[in-house]
Each structure stands twice: as structure tokens, then as C-alpha cells.
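See below for the structure under consideration.
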Amino acid sequence: MPTYNKLVRDKIPTIIEQSGKTFKSRVLQREEYQDELTKKANEELQEYIEAQTHQEAIEELADLLEVMHALAAVHGSTPEQLE
């Protein structure tokens, strides 16, 4: 079974379970979570930069926005305050 050391969205474990597959996950401590979110923000920004179509660009911006909202929460803010 492959190993993926990545952040996952809340519904991904449910989707994996519904497909009949098994997985292991863990909840990160605050500092590690922030570090992983920062890595994810860089990844999503790079994917936006490399997007070939408007649709791809919008999808990557949506992913980046989701990460930004999570980072805002880590810093004690809300998406509304961020925007």
C-alpha cells in the first residue's frame, strides 16, 4: 500500500472508507499543522501558476483559498476577517 504524507480534507477519509479501502491517519499538533498548511499553500500556488486554462486556474485558486482559510484559523482569525 502506498504512503501519502499529506494533509487531507475532512471528507476524504469517509470517501476512502466508502470505497472499501483502509487507511491510517493522525491529527497533527498545532505547529506541525501550520507547517503542513504552509507547504500546502506553496503547492497550491505553484499549481495555480502552472494552470493551462481559466478553469484550472479557478480550481487552484479555490484550493488556495481553502488553505488560506485554514491558516487564518490557525492564527486566530476567521475567513470573514481575512477577506
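I'd like the residue in the stretch 48-62 that is under 23 Å from residue 73 (Cα atoms) and of a type in the set (Asp, Glu) and, out of all such residues, is nearest to the chain's Cα centre (by Cα).
The extreme case among them is 60.
Residue check, residue 50 against (1) at pLDDT below 95; (2) more than 18 Å from residue 6 (Cα to Cα), all met but one. Which one?
Answer for residue 50: the failing condition is (1).
Checking the structure you have, find out if any residue of the stretch 11-31 is part of a helix (DSSP H, G or I) and small (Gly, Ala, Ser).
No, the stretch 11-31 contains no residue that is part of a helix (DSSP H, G or I) and small (Gly, Ala, Ser).
Which residue is surrounded by the most Cβ atoms within 10 Å (Cβ to Cβ), if the candidates are limited to the stretch 4-36 and must be of a type in the set (Ser, Thr, Tyr) and either at pLDDT below 90 or within 12 Å of the chain's Cα centre (by Cα) (or both)?
This residue is 33.
The values are calculated or read from the model by the stated rules, or taken from the named source; none is laboratory data. Small disclaimer: the values here were computed from a predicted structure and weren't measured. Virtual Cβ from ideal backbone geometry, glycine too; neighbours counted across all protein chains shown.
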